[in-house]
Amino acid sequence: MKYIFSLSLSLLLFSLGVSAQEEPEKRLEKANFRVQIFERPSTSEIILTEPDPEFKNKLPISALIKDSAAVNLQDLPKAAEIDSLWKLQLLNTSLFDTIQKSIHEQDYSDVVYKDLPTDTLKARLEKLNSRTPFNIEYNPILESVIKSYLKRNKKAMENLMALSEYYFPMFEKELDRFDIPLEIKYLAIVESALNPRARSRVGATGLWQFMFPTGKMLDLDVSSYVDERMDPERSTEAAAKYLASLYKSFGDWDMVLASYNSGPGNVSKAIRRSGGSTNYWHLRRYLPRETAGYVPAFLATLYIFEYAKEHDFQPKKPDVAFFETDTIRVKKMLTFDHISTVTGVEKEMLQFLNPSYKLDIIPFIEEKNYSLRLPRSVSGAFVSNEDEIYEYVTEDLAEKKKNIPKYIETEDRIRYKVKSGDYLGKIAARYGVGISSIKRWNNLRSNNLRIGQYLTIYPRKPVVSQTSSTKNNADRKATKIYTVKKGDSLWSISRKFPGVTVQNLRAWNDVGSSSLKPGMKLKVSKG
C-alpha cells in the first residue's frame, strides 16, 4: 500500500509538480497534526481543513521510508547542513601534506617578516611560557619556523583554525579528564592537520597518527569495516592515555612531545648522548631529523593559534559544532546511503561525522559498540523510528541483493604477490588505495611490475569474499595438470606457466628435480 500526505492543492502543485489543468476529485479531511498520512485513491485529492503550517518539519522518518516522493518535502534546519569548507577538507590531504612537508623540509634559515619584530616575539613567547608547562623560550630556530608559517602558510592555518572549531572542544574534554595540558590539542594539527583519515607514508593513521601495533595496544579496533584510529573520540581518548603514560616516564612535557613522535627509546638515547640534559634545545641535535623539526612545529602552531587575532587571521565559522551532534548505538547493519535517504543528512556530512567507517557501512557485531553520529536536529527522529528504519534497510538490501563485504579483523599491512594480469591500478582498486601510495610504500620508480614480485600494502578495504564452496569449486576448476617430458626440469616447467615458481611445484607435488620422470603428472596451479 502506498502512502502520501497533502497539505493543500497549492502545496501539491509546488512540491509534487501536479499540472494546474488537472481536476482531481476533492475530499475534505480534518488535519492530524502529528501524522497526516492518508490512503490516496488515484483520482482523489485530500484537502486539510485545519492544516499545520509547520507540519513538514514534523513528518516522521517512517513516512519518508514508505514514500520516497515525500523525501523532497523534508525541510531540515540549517544546523544540519555542513559548511562547504568541511566538504573540501573531508578527504583532502593537502593540509596534511603541507604540514608534513614543512616539518621534514624546514631549512631553519632566517625568514624576513617585518610584521613580527624579534623583540615582540620574545615578549609574547615569555607570556606563553609563564602560563603553560612547556618550555617556550626564544630560539632563533623557533623564530624562523614561526615566521615561515606566517609568511607562507597563512591560508592553510586559517583552514586549520576553522576545523579546530569542531575538534578542539572534544579534545579539551578528553585532555582534561587525564589531567593533560590543554595545549596538547595543537599536537593533532602537527600530526594530522586535523584530518581523521590522514595516513602517513609508514602507515600511521588518524588525528593522532597511531601505528597499527600502538592502536591495538590502546584497544583501538581495526577491521575490514572499521578503523578506530580514525574515530575522533576513541582515538583522542587513546592519545590522552598514551600521553599520560609518557609523562609518568619523563616528567617533562617537552620530552613527552619528542617521544610521542620518535619513541621513548630515541629520546632516552638522546638524553644519554647529551650528557643527561632534558632541555629539548640541547637534545635536538641528537634526535632523528623529523623529531628535530617536530617540537618547533608544535610550538610555532601554539604561538600562531594563541596570537591569531594579532596576526589578523580570519577563519570561517562552521555551521556544525561537535556538541551539536549525538551518537546512536546501532542495532543492525546500516549504510550511509540508507541513513542519508531516511534522514536527509548529506552523505558527505555522514562521512565527516563518522570517519572511522572505511566502507561507508556501519556493521553490527554483538560484542562491539558501534555507533552512528548524527546532528541533534535529526537524531531524535532517528531513534523514534528505529524499527521502521532497520526494516527498510534490511528489505532494501535483500531486494537489491547488494554484495556486502564480510566482516574480518584486519592487519595493518599485507604482503601481496603480483600475479599474471596484475597492474598497479587493478591492485590499488582492490584494496582501496592510491597508485602513488603503493609506489611510495614499495619505493617503485615506475608502474612496471613483475610476476612473483611482493608488494607491501596498507589496505583501506577488504576484497568482497566468496563463499567457501564457491571458492573451493573455483580452485578445483582452476587446477591444471602438466605431463612431464624428457629433458624437463622443475625450472623449465615453471617457465612455461606465468606466476608459477619452482617452490610452488615442489609444494604442490611434493617432488624434487631428481625425481622427475617422463609421463609423470604434475599440478601446475594451486588446487
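Taking the alpha carbon gyration tensor of the stretch 110-149, multiplying each eigenvalue by 5 and rooting it gives semi-axes of 19, 11, 7 Å, largest first.
The shape of the stretch 197-244 can be summarised by an equivalent ellipsoid whose semi-axes, obtained from the alpha carbon gyration tensor, come to 15, 12, 10 Å from longest to shortest. Among the GluC sites (Glu not before Pro) in the stretch 207-310, those placed in a DSSP loop whose Cβ has at most 14 other Cβ atoms within 10 Å are Glu310. Just to be sure I understand the curve: with the Debye formula and one point per C-alpha of the stretch 124-219, what is log10 I(q)/I(0) at q = 0.11, 0.21, 0.23 Å⁻¹? The computed values of log10 I(q)/I(0) come out as -0.42, -1.28, -1.33.
Ranking Tyr303, Tyr242 by solvent-accessible area of protein heavy atoms (1.4 Å probe, all protein chains present), from largest to smallest, gives Tyr242, Tyr303. The heavy atoms of Lys485 offer some 110 square angstrom of accessible surface to a 1.4 angstrom probe. Sorted from longest to shortest, the spans of the Cα atoms of the stretch 291-365 along the three principal axes equal 48, 31, 18 Å. Shown here for the stretch 272-322: trypsin sites (Lys or Arg not before Pro) in loop regions (DSSP other than H, G, I, E, B) with at most 11 other Cβ atoms within 10 Å, namely Lys309.
Where only protein heavy atoms count, and the probe is 1.4 Å, what is the accessible area per residue for the stretch 245-305 in Å²?
Values: 2460 Å² over 61 residues.
Computed with neighbouring chains in place, this is 40 Å² per residue.
Taking every protein chain into account, the accessible area of the stretch 129-184 amounts to 41 square angstrom per residue (probe 1.4 Å).
The values are calculated or read from the model by the stated rules, or taken from the named source; none is laboratory data. All of these numbers come straight from a predicted model, not from anything done at the bench. Glycine also receives a Cβ, built like all others from the backbone with ideal geometry; neighbour counts cover every protein chain displayed. Keep in mind that these areas ignore ligands, DNA and RNA; they rest on the heavy atoms of the full protein, side chains included. Shrake-Rupley method; radii C 1.70, N 1.55, O 1.52, S 1.80 Å.
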